[in-house]
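The block underneath contains the structure these notes are about, expressed in structure tokens.
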Amino acid sequence: MMFFVCYNSNLEHPPLKMEEVKLHGMWASPFVYRVKWGLELKGIPYEYVEEDIANKTSLLLHYNPIHKKVPVLVHGGKPVCESIIILEYIDEIWPQYPLFPVHPFDRAATRFWIKYADNKLFGSRLLFGSSSSEEEEKAKAEGLEFLRTIEEQCLGDKKFFAGEEIGALDLAFGGIAHWLPVLEQITGTKLLNADQFPRLYAWTQNFKESAVIRDNLPDAQKLAALYNALRHKQLRSAAE
């Protein structure tokens with residue numbers, strides 16, 4: 001969701017690029033890291049504001065009253081919400097290091113795969129688990145099919161999804177590189193391995209070796225503790 005504030009065009013305003021940038025986020029969210037990586041790749045100075053999702057600040061509720069979620073980018077006092085909308089926004093304001101393709105067809109394809117990632121990767125039932133072994137096997141099969149589709153139909157033989165440089169699609173699939181291994185650890189279910197998915201596995205290594213990505217990742221052990229707690233809470237609720 002993007003919110004716009006009407007203003008008097010006759011008034012003088014500082015250049016848009018020079019206005020203050022703040023990012024409201026939560027340390028464990030892969031959606032927040034999409035935006036962090038995008039800002040870092042473009043070299044955009046910003047202030048990071050950590051939000052407690054269990055006790056949301058009045059500012060977050062003010063900037064995102066519809067969904068009340070992070071990330072929220074505040075640029076010159078104006079909020080922009082949702083990770084991919086934010087990436088498109090900063091790509092238009094700061095053209096250095098383009099994240100999205102220029103050609104309309106390529107941009108449309110990028111949006112398609114990002115939506116696929118959001119629906120399949122972050123909508124996976126593997127995170128919260130199931131009290132049924134049959135459901136767990138079904139979730140695993142869906143996860144493997146997702147990875148196979150990504151490797152064969154989206155990544156191909158490229159170093160990065162965007163080609164030779166990291167782009168918006170790489171940022172969208174960043175959860176595979178860092179969050180998925182944590183998920184595998186707490187569930188005991190191995191999905192991504194070098195033998196079965198050699199090109200996708202190589203991409204995860206290339207992606208995490210980039211200085212911008214490597215220096216901006218949440219602690220894996222802390223992430224595992226959080227996800228494990230969420231998983232057990234969900235399993236207890238399902239058993240009641």
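Things to note:
- Beta bridge orientation in the chain: antiparallel %, DSSP, nearest 5: 70
- Between ILE85 and LYS56, the modelled labels are 1.4 nm apart [label points 7 Å from Cα along Cα→Cβ].
- Dipole magnitude for the range 114-205: about 100 debye, using +1 per Lys or Arg Cβ and -1 per Asp or Glu Cβ, origin at the Cα centre.
- Shape category assigned to the range 170-240 from the gyration tensor of Cα positions, a/c cut at 1.5: oblate
- Across the chain, Cα pairs under 8 Å and at least six residues apart give a relative contact order of 21 percent.
- Taken along the Cα-to-beta-carbon direction at a fixed 7 Å, the label points for ASN216 and TYR97 span 0.7 nm.
- Calculated P(r) of the range 159-200 - Cα pairs past 16 Å, %: 46
- The chain: C-alpha gyration tensor shape, a/c 1.5 cut-off, then a/b vs b/c: oblate
- Percent accessible area from carbon and sulfur atoms, the range 82-229, protein chains only, probe 1.4 Å: 51
- Here LYS69 is the anchor, and the aspartates and glutamates within straight C-alpha reach of less than 19 Å, apart from those fewer than 8 places off in the same chain, are GLU47, GLU50, GLU51, ASP52, GLU82, GLU88, ASP118.
- Net length available on complete extension from ALA109 to ASN206 is 32.7 nm, with 0.36 nm assigned per residue and the Cα-Cα distance removed.
- For LEU230 and GLU47, the difference between the fully extended length at 0.36 nm per residue and the C-alpha to C-alpha distance is 63.0 nm.
- Mean-position separation - Cα centroids, the range 79-98 and the range 170-216, in angstrom: 24
- Extension reserve of the ASP118-MET18 stretch, reckoned as 0.36 nm per residue once the Cα distance is removed: 32.8 nm
- Here each label is just a point 7 Å from Cα along the line to Cβ, and for SER133 and THR189 those points are 1.5 nm apart.
The values are calculated or read from the model by the stated rules, or taken from the named source; none is laboratory data. Nothing here was measured: the structure is a model prediction, and the numbers come from that model. Please note: Cβ atoms are built from the backbone with ideal geometry, for glycine as well, and neighbour counts cover all protein chains shown. Remember, those area values only see protein heavy atoms, side chains included, never the ligands or the DNA or RNA. Shrake-Rupley method; radii C 1.70, N 1.55, O 1.52, S 1.80 Å.
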